[in-house]
1. Are any residues in the range 79-97 in contact with a Lys or Arg (Cβ under 9 Å, 6 or more places away or on another chain) and not hydroxyl-bearing (Ser, Thr, Tyr), and if so, which ones?
2. Of all residues in the range 37-86, which are of a type in the set (D, E, K, R) and closer than 27 Å to Val120 by Cα?
3. Residue check, Ala8 against (1) surrounded by 14 or more Cβ atoms within 10 Å (Cβ to Cβ); (2) modelled with pLDDT under 80; (3) in contact with a Phe, Trp or Tyr (Cβ under 8 Å, 6 or more places away or on another chain), all met but one. Which one?
4. Of Lys151, Lys163, which residue is surrounded by fewer than 16 Cβ atoms within 10 Å (Cβ to Cβ) and either closer than 30 Å to Gly48 by Cβ or at pLDDT below 95 (or both)?
5. State all residues of the range 25-48 that are in a loop (DSSP other than H, G, I, E, B), in contact (Cβ under 8 Å) with a residue 24 or more places away in the chain and surrounded by fewer than 14 Cβ atoms within 10 Å (Cβ to Cβ); if no residue qualifies, say none.
6. Looking at Leu89, is it in a strand (DSSP E or B), in contact with a Leu (Cβ under 8 Å, 6 or more places away or on another chain) and of a type in the set (A, V, I, L, M, F, W, C)?
7. Does Asp99 qualify as being of a type outside the set (S, T, N, Q), surrounded by 15 or more Cβ atoms within 10 Å (Cβ to Cβ) and either within 21 Å of Thr152 (Cβ to Cβ) or modelled with pLDDT under 80 (or both)?
8. Looking at Val56, is it crowded, with 20+ Cβ neighbours inside 10 Å, of a type in the set (A, V, I, L, M), farther than 20 Å from Ala162 by Cβ and in contact (Cβ under 8 Å) with a residue 60 or more places away in the chain?
Amino acid sequence: MKKVIAMAALLFLASASSAHAQKAHVGVLFGGTLSDGVTGNGVLAANGNVYDAVDVKDGFSWGLDFGFDTGEKIEVGFLYGQQLSTLRLEGTSTQNVGDLTINTYHPYVGFNFASPDAHVRPYFLIGLGATNYGSVNFTRADGTTGATGSKTQFSTTWGVGAKVYGSGKIGARFGLQWTPTYIKTNSDGWWCDPYWGCYVTGDAQYSNQFQFNAGLSYRF
C-alpha cells in the first residue's frame, strides 16, 4: 500500500512541476459524510448477542485540497480528508465500539468545464490512493479496555462540484465526493470451465463514504 501511495505522489509531483507556471489553488473543505461498513459471518459475543456486521457511523468531515491546472481544463492535485466517526457492531443488537477517525489520501486528476479565469468552474475528478481507519479504544464486557489496530486500505475517490470566484483570488467551492474503500472478499464458491479449470469466486466488499462539502478556495 505504501508503494501505491508513493507512486501516485511521484506522478502528482511530476505533473505539478511541469505546471508551475499555470493556475493553482489551495482550499479547505467542511461537510458531512454518510458511511457504511461490511458484513460477515455471525459471531456470538460475551453479552449473548450475535454480530454479523461492522459499521461506520455518519459524521462530520473536513479536508484540504491543492491542485494545478496543467492545461486549459485539466487539473492534477492532492486531496486529504478526515471523518470523525464511531465504529459499531450490528446484528441482534447494535453496539457502539468507540470513536473512529478515518483519513483519506488521494492524488487526483480533474477536468474543469470552464477556462482558468472563469468565475464558475464546474469540475469532475478521480483519485487513486488510500483510506486509513485509525485505532479504536474500547471497553470489554468485563470492564477491561483494549484497542483495535490501525488499518490502511486501497481506495479511489470520485467527485463533482463547482468552484466559484468573484473578482478576487478567494472563492467558494461546493461538491459531492464518493470514496469506496476495498475491505475484503467473501468466497462465493467454485466456478469451473473446460479451458480455465476450477477456481474460487468471490464477492468484494467495500466501505463507502459519501461526502457533501463546501469550503474556501484560494487561486494564485
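The values are calculated or read from the model by the stated rules, or taken from the named source; none is laboratory data. Since the model is a prediction, treat every value here as computed from it, not as a measurement. When we count neighbours, we look across all protein chains shown, and the Cβ atoms used for this are built from the backbone with ideal geometry, even at glycine.
1. Selection gives Leu87, Arg88, Gln95, Asn96, Val97.
2. Initial filter on the range 37-86 (of a type in the set (D, E, K, R)): 52, 55, 57-58, 65, 69, 72-73, 75.
Answer for the range 37-86, where residues must be of a type in the set (D, E, K, R) and closer than 27 Å to Val120 by Cα: Asp65, Asp69, Glu72, Lys73, Glu75.
3. (3)
4. On the way: Lys163 fails: surrounded by fewer than 16 Cβ atoms within 10 Å (Cβ to Cβ).
Criteria check complete, one pass: Lys151.
5. Correct list: Ala46, Asn47.
6. no
7. yes
8. yes
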